[in-house]
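First up is the structure itself, then whatever we jot down about it.
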Amino acid sequence: MTDIQTVNTTPFPDQEPGTSGLRKKVRVFQQPHYLENFVQALFDTLEDCTGQTLVLGGDGRYYNDIAIQTILKMAAAAGFSRVLVGQNGLLSTPAASAVIRRHQAFGGIILSASHNPGGPEGDFGIKYNISNGGPAPGKVTDAVFERSKSIDKYHIGAGEDVALERLGETRHGAMTIEIVDPVQDYAELMAELFDFSRIRALLTSGRFTMCFDAMHAITGPYAHTIFEDQLQAAAGTVINGQPLPDFGGGHPDPNLAHAKELVALLSQDSGPDFGAAADGDGDRNMVLGRGVFVSPSDSIAILTANAHLVPGYRAGLAGVARSMPTSQAVDRVAEQLGIPCYETPTGWKFFGNLLDADMATLCGEESFGTGSNHIREKDGLWAVLFWLNILAVRGISVAEIVHEHWANYGRNYYSRHDYEALDIDVANGIIAHLRDSLNQLRDRSFGDLQISHADDFSYTDPVDGSVSQHQGIRIGFSDSSRIVFRLSGTGTEGATLRIYLEKYESDATKLHLDTQGALADLISIAKRLCEVEQRSGREAPTVIT
Ligand code: G1P
Ligand code: ZN
């Protein structure tokens with residue numbers, strides 16, 4: 001790769017990163033120059049890459065292998081002196097964050113479209129993380145988008161593709177490529193945070209079984225090493241553990257709709273005590289007990305309430321943070337602990353400053369994302385290990401822990417209704433209509449439910465003062481129920497309307513109702529307010545989580 005070629009190109013108008021990087025159909029990325037333009041726009045934005053270290057890897061989805069080779073050649077042309085690549089081009093998103101931090105890299109490129117399906121007809125994505133290991137903030141991604149609109153050439157090293165199978169270093173002109181074990185740094189970090197001997201004792205006690213569904217995505221190798229080898233869970237604990245470029249045709253999103261095999265297992269009386277799954281790139285998690293689903297909003301609240309039982313968090317939490325649509329269950333725990341709770345816009349990037357400034361230790365999103373200051377991404381296996389550590393110390397079941405939590409703090413019934421693949425104009429029309437009705441909504445009542453506030457969420461980052469506007473329509477009721485509306489920033493087909501519903505209940509006799517039933521009034525108010533049925537012709541959401 002000593003020779004550098006300069007290739008003329010013309011801009012693509014659509015290279016705007018969304019909630020989590022640039023995500024498009026594989027066939028969009030396969031257009032000549034599409035990936036190259038975006039990578040060059042990124043390198044131009046980062047300015048001087050000379051002599052820097054870059055981390056590179058992806059979730060192994062279709063096109064991962066081709067994109068890695070292109071990026072390696074472009075990194076050489078940009079002057080990087082060292083690239084740390086996961087073996088076979090693999091790195092989960094949380095592991096990439098851990099590697100960037102451990103090796104004090106300049107930044108990292110992660111190839112993933114997260115939980116979106118893969119394969120030739122599926123999705124591909126690329127995201128950039130900065131030196132703290134976290135997603136690039138908006139000012140960087142905005143600048144990359146701007147640059148992409150005027151790009152007229154890119155630079156690429158000539159030469160053969162690099163073999164990525166064998167660990168170790170090779171030199172390519174002035175650049176060293178180091179192929180790293182994708183699991184090792186990450187597994188070491190986990191062993192520092194959690195009480196592995198106690199978890200091992202639980203998993204080998206003969207009175208506890210677990211099942212982890214890797215959904216044929218990136219966490220398979222991590223889960224085999226950590227759960228089965230290091231923690232000695234029974235062989236077969238990890239299912240669908242081999243990463244496949246099309247995720248076996250599945251949809252690698254760990255929720256009740258998509259992790260069907262796991263959900264079926266955990267609903268049997270003879271099923272495992274504990275079940276968990278992670279998504280395509282390993283940053284999301286779902287946690288189940290036998291016969292019980294832990295909603296992600298409850299999960300972050302329960303981890304916060306039990307954090308003192310876990311070695312890495314025994315010293316106490318500086319604070320917690322949740323995305324705005326996430327339920328307020330964790331707020332109640334924070335209040336009791338006397339620590340601050342921050343409400344940020346959707347997307348992990350908004351937690352970065354709070355974590356860097358040591359204002360928050362644990363963070364969570366309703367979308368099956370949980371994490372902490374150990375890295376700067378949400379982390380699926382970390383959440384599973386946190387739960388295992390709590391279970392090992394407490395010696396009671398998942399259901400008992402959840403029910404005890406509701407008894408102590410009350411329950412925030414919670415659900416998200418998604419209307420996927422809507423016509424973009426229809427979806428924008430729904431949000432515009434809601435925005436226009438905000439003034440009339442304030443103080444309106446629906447039966448016993450009285451609206452106490454209604455706004456279009458705007459966030460001022462307490463660390464750098466940056467303002468993010470239009471982050472979702474919030475409608476709050478006097479009993480602390482909430483309805484939130486926003487459009488997805490990660491979809492690749494049309495638009496997705498997300499409706500988030502939350503109702504607080506402290507009456508001990510009403511803590512075990514069916515979630516959709518408990519939320520029924522709010523659901524019908526939400527549908528009326530946004531006019532989704534009239535405007536889109538859809539009678540029901542596509543996915544309910
Ligand atoms: C979705 C989730 C959000 C999460 C993001 C990346 O974004 O809602 O919480 O951070 O995926 O995993 P959305 O499609 O809603 O913009
Ligand atoms: Zn993900």
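The values are calculated or read from the model by the stated rules, or taken from the named source; none is laboratory data. Remember, it's a predicted structure, so these values are computed and weren't measured experimentally. Every residue, glycine as well, gets a Cβ built from its backbone with ideal geometry; the counts of neighbours run over all protein chains shown. In case anyone asks, the SASA skips ligands and DNA or RNA and just uses the protein heavy atoms, side chains included. Shrake-Rupley method; radii C 1.70, N 1.55, O 1.52, S 1.80 Å.
Okay, here's what the table says:
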| read-out | value |
| --- | --- |
| √(5λ) per eigenvalue of the Cα gyration tensor, segment 405-470, largest first, Å | 25, 21, 18 |
| Surface per residue (accessible, 1.4 Å probe) for the chain, Å² | 38 |
| Alpha-carbon centroids, segment 53-104 and segment 329-403: separation in whole Å | 28 |
| Mean shadow area of the chain, taken as a quarter of the surface of its Cα convex hull (nm²) | 23.8 |
| Length-normalised contact order of the chain in % [C-alpha pairs under 8 Å, at least 6 apart] | 13 |
| Extension gain from Lys139 to Gln268, taking 0.36 nm per residue of separation minus the Cα-Cα distance | 41.6 nm |
| Distance (nanometres) between label positions extended 7 Å along Cα→Cβ at Glu404 and Gln232 | 2.6 |
| DSSP bridge orientation in the chain - percent antiparallel, rounded to nearest 5 | 70 |
| Computed label-point distance, nm, for sites Glu16 and Arg528 using a 7 Å Cα→Cβ extension | 3.4 |
| Evaluated at q = 0.14 Å⁻¹: base-10 log I(q)/I(0), Debye formula over Cα of segment 249-290 | -0.29 |
| Proximal lysines relative to Lys73, as straight alpha-carbon distance under 24 Å, when same-chain residues fewer than 8 apart are discounted | Lys24, Lys25, Lys127, Lys149, Lys153 |
| Heavy-atom accessible surface of segment 130-284: percent carbon and sulfur, 1.4 Å | 50 |
| Shape category assigned to segment 1-151 from the gyration tensor of Cα positions, a/c cut at 1.5 | rounded |
| Column: log10 I(q)/I(0), Debye, Cα scatterers of segment 413-525, q = 0.13, 0.15, 0.19, 0.21 Å⁻¹ | -0.58, -0.76, -1.09, -1.21 |
| DSSP beta bridges in segment 199-346 [antiparallel fraction, %, rounded to 5] | 45 |
| Nitroxide proxy distance, nm - points 7 Å out along Cα→Cβ at Ser480 and Ser150 | 5.1 |
| At R0 = 41 Å, FRET efficiency that the Cβ-Cβ distance of Arg538 and His103 yields, to 0.05 | 0.30 |
| Additional length obtainable on full extension of the chain from Arg200 to Ala357, 0.36 nm per residue less Cα span | 53.1 nm |
| Helix-only [θ]222 nm of the chain, DSSP H runs n ≥ 4, -39500 (n - 2.57) each, per residue, nearest 500 | -9000 deg cm²/dmol |
| Computed lengthening from Ile4 to Gln184, 0.36 nm per intervening residue step minus Cα-Cα distance | 61.4 nm |
